[in-house]
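> Pasting a structure here, questions to come.
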Amino acid sequence: MDIYLADEQDVPLSTGPLHRLARIVLESEGLPPETEVGIVFVTDQVMARHNRRFLGQDRPTDVLALPLNPPGEAIPVRNGPVSAGVPYALGDVFVAPRFVLRQAGRLGVRPEDEMFLMVAHGLLHLIGYDHTTEAEAEVMEARERDLLAMVGVERR
């Protein structure tokens, strides 16, 4: 799997553990080894611009997931429709660390744990999870709990 991390902001981050979590999420979800994904850490200003452009919301947010596959399209699993050796670009996750730090403070959780949650949450959105209904939210949150537990983090 190719997991590209880009840090385009000024909050100090330890990206190694986040990269490890990303790999765990993708492998646990059965994505093929040819999967490529980008995780980009951006400023609140850049996040607000992306949020406005893609979701029509004129404000920063914690995480945005921009899948490359059309909504409802099946995500390939191992031995699925992806040809061996041919890259499969899943999409990009954008995270605003300064926003996440403020959010962690408001919620009374460790900033590192909140960052882990945002990365897992964004990746699950790329894979097709959603939380528009209560039932979907329960499924997504349970999956987040399971994945975060794999790296020793408890979901808030």
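The values are calculated or read from the model by the stated rules, or taken from the named source; none is laboratory data. Just so we're clear, the structure is a prediction, and the values are computed from it rather than from any experiment. No Cβ is skipped: glycine too gets one built from the backbone with ideal geometry, and neighbour counts run over all protein chains shown.
> Somewhere in segment 81-93, is a residue in a strand (DSSP E or B), among the hydrophobic types (A, V, I, L, M, F, W, C), under 14 Å from the mean Cα position of the chain (by Cα) and at pLDDT 95 or above?
There is at least one residue in segment 81-93 that is in a strand (DSSP E or B), among the hydrophobic types (A, V, I, L, M, F, W, C), under 14 Å from the mean Cα position of the chain (by Cα) and at pLDDT 95 or above.
> In addition: Please work out which one of (1) surrounded by fewer than 16 Cβ atoms within 10 Å (Cβ to Cβ); (2) not in a helix (DSSP H, G or I) is the condition L5 fails and give its number.
Just one mismatch for L5, condition (1).
> So, one more: Would you point out the residue of segment 29-61, among those that are touching a helix residue (DSSP H, G or I) at 6+ places or on another chain (Cβ under 6 Å), surrounded by fewer than 21 Cβ atoms within 10 Å (Cβ to Cβ) and in contact (Cβ under 8 Å) with a residue 12 or more places away in the chain, that is nearest to R98 (Cα to Cα)?
Result: D44.
> Across segment 17-50, what is the number of residues that are in a helix (DSSP H, G or I) and either closer than 18 Å to L124 by Cβ or at pLDDT below 95 (or both)?
Within segment 17-50, residues that are in a helix (DSSP H, G or I) and either closer than 18 Å to L124 by Cβ or at pLDDT below 95 (or both) number 12.
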